[in-house]
Amino acid sequence: MLIVLAGPSEDPISLIEARNYLRIAQDCDDNSLSLLIKAATERVEQKLHKALVTRKLRQSYSSVEITRALEFAKRQKGKVELIPALNDVISISAVSSLNVNGNMASTSLSLISLSDGKFILNNYSQGLEIEYFAGFGAAANVPNSFKILVLEELGRIIQNRDNEKYQTEISSVLGARL
């Protein structure tokens, strides 16, 4: 389970960038456009499994997930890796070990380490909660290719919204004629 503890402080694209890309006049509703930017950003992040602008997250791993990782590591003769929900982990801020009842048993950063964007389990635990930071940093650090993906997704959202509105208008006109 993934929980956002502190969301990003800004969007990866600005209102000005969105307006320019969409060719929207300055007098549009900024609140609505901001919501659409957030929705487009969330869709892109879900597709890529990446946080674009840095945020703080908490991810839980059950004993079943940890056991599977242990078994896989034994078969591969490798390290016990736990895959974060978002692939761009910057740093780990806290680790809590859970007991069989799901209650916190201990807190120690030594339970895991970070290697190649994956959590490496150093000591067995019934369950874990890991708090970490993920993202490219500030919006200015987000690669342009990802910004373009957000802008394209924003365009699709608006196009779909407009198409639904048009289809509703057509249906109401056609329904009135019948």
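Before moving on, here are some points about what is shown:
- Members of region 55-71 found to be buried (at least 16 other Cβ atoms within 10 Å of the Cβ) and not in a strand (DSSP E or B), listed by number: Ser63, Ile66, Ala69
- Some residue of region 26-46 being in a helix (DSSP H, G or I), among the basic types (Lys, Arg), surrounded by 15 or more Cβ atoms within 10 Å (Cβ to Cβ) and under 11 Å from the mean Cα position of the chain (by Cα): yes
- Of the strands (runs of 3 or more DSSP E) entirely within region 108-178, those holding at least 3 residues that are at pLDDT below 90 and under 23 Å from Gln59 (Cβ atoms) occupy 112-115.
- Residues in region 19-48 that are at pLDDT below 90 and either in the same structural domain as Val89 (by TED's automatic domain parsing) or not aliphatic (A, V, I, L, M) (or both): Arg23, Gln26, Asp27, Cys28, Asp29, Asp30, Asn31, Ser32.
- All positions within region 72-83 that are outside any strand (DSSP E or B) and charged (D, E, K, R): Lys74, Arg75, Lys77, Lys79
The values are calculated or read from the model by the stated rules, or taken from the named source; none is laboratory data. None of these values were measured; they are calculated from a predicted model. Backbone-built Cβ (ideal geometry, glycine too); neighbour counts: all protein chains shown.
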